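Right, one structure below, let's go through it.
No value in this document is a laboratory result; all are computed from the given coordinates. All figures in this text were calculated on a predicted structure; none of them were measured in a lab. Glycine also receives a Cβ, built like all others from the backbone with ideal geometry; neighbour counts cover every protein chain displayed.
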Amino acid sequence: MSEDVSRRQFFVWLGVVLNSLAALILATPVIGYLLAPLLRAEGGQYRQWIDLGELDEFPEGQTRLAKYKNPISNAWDGDTDNIPCWVRRLQGETFQVFAVNCAHLGCPVRWFPQSGLFMCPCHGGVYYRDGSRASGPPPRGLFQYPYKIEGGRLMIQGGELPTLASPSASLNKRSQECQG
Ligand code: FES
């Protein structure tokens, strides 16, 4: 009788331990999701100012491809932690820095200076030179990085790709206004 009880107790405890482990494994991504906004807050570890290079590397009136190293990377990421972006210098210290990813499903867009358009190879999305949507399935224009000039160098706020939740909207209004 006492052996039955102890065996039953053993299986009860085993069940409790296994269920707790399963709950912990399932809860980890949920907890991460809930805590993410705190980490993304200003000064959080995700967003960082990243040096894209000297202003002279970006001639006025031109759009150039630039790359930066993702500040959140692992040793085994290899070349994938080099993130490309399109840099458009309007004049002086007025820039637009576009995420390379299409606003539809994220394919990398290419700049065609002859036509003055960004084109997406996946489903034919097209954007004007200012990043606004021209045609195709993208629901909006290209996402833009917040930027600033510091010590004659162009800095962008990287660490996560810009989205509608990024603070770029207000920061980039300035460059939109300067386009006239
Ligand atoms: S991913 Fe660019 S148009 Fe679909």
Distant-in-sequence amide H partners of residue 134 (H built 1.01 Å from N, under 5 Å) | 126, 127, 128
The range 87-147 - percent relative contact order, Cα under 8 Å, separation 6 or more = 31
Please tell me the relative contact order of the range 16-164 in percent, rounded to the nearest whole number, where contacts are Cα pairs under 8 Å and at least six residues apart.
-> 22
Taking 143, 118, 58 and counting other beta carbon atoms within 10 angstrom, the fewest-first order is 58, 143, 118
Around residue 63 (Cβ within 14 Å, Cβ-to-Cβ, excluding residue 63; K/R +1, D/E -1) the net charge comes to +2
With a ≥ b ≥ c the root eigenvalues of the C-alpha gyration tensor of the range 24-124, is it rounded (a/c under 1.5), prolate (a/b larger than b/c) or oblate?
-> prolate
Pick out, in residue order, every one of the trypsin sites (Lys or Arg not before Pro) in the range 56-152 that is DSSP loop and has at most 14 other C-beta atoms within 10 Å; say none if there are none.
-> 140
Integer Hz, Karplus 6.51/-1.76/1.60 couplings in order for the range 144-159, x for Gly and Pro | 10, 7, x, 9, 8, 10, 9, x, x, 10, 8, 10, 10, 8, x, x
HN-Hα J in Hz across the range 8-21 - Karplus 6.51, -1.76, 1.60, θ = phi - 60°, x for Gly and Pro | 4, 4, 4, 5, 4, 5, 4, x, 4, 5, 5, 5, 5, 4
Cβ-based charge dipole, the range 8-97, positive-most Cα from 59, 12, 22 = 12
Karplus (6.51, -1.76, 1.60) ³J(HN,Hα), θ = phi - 60°, over the range 62-72, in Hz, Gly and Pro reported as x | 10, 10, 10, 7, 10, 10, 9, 7, 4, x, 9
Residues 155, 119 in order from fewest to most other beta-carbon atoms within 10 Å are 119, 155
If each K or R counts +1 and each D or E counts -1, the residues other than residue 97 whose Cβ falls under 10 Å of its Cβ total +2
Between residue 53 and residues 5 or more places away or on another chain, the pairs with built amide H atoms under 5 Å apart involve 154
Which loop-located GluC sites (Glu not before Pro) does the range 41-130 contain, where loop means any DSSP state but H, G, I, E or B and the Cβ has at most 16 other Cβ atoms within 10 Å?
-> 42, 60, 93
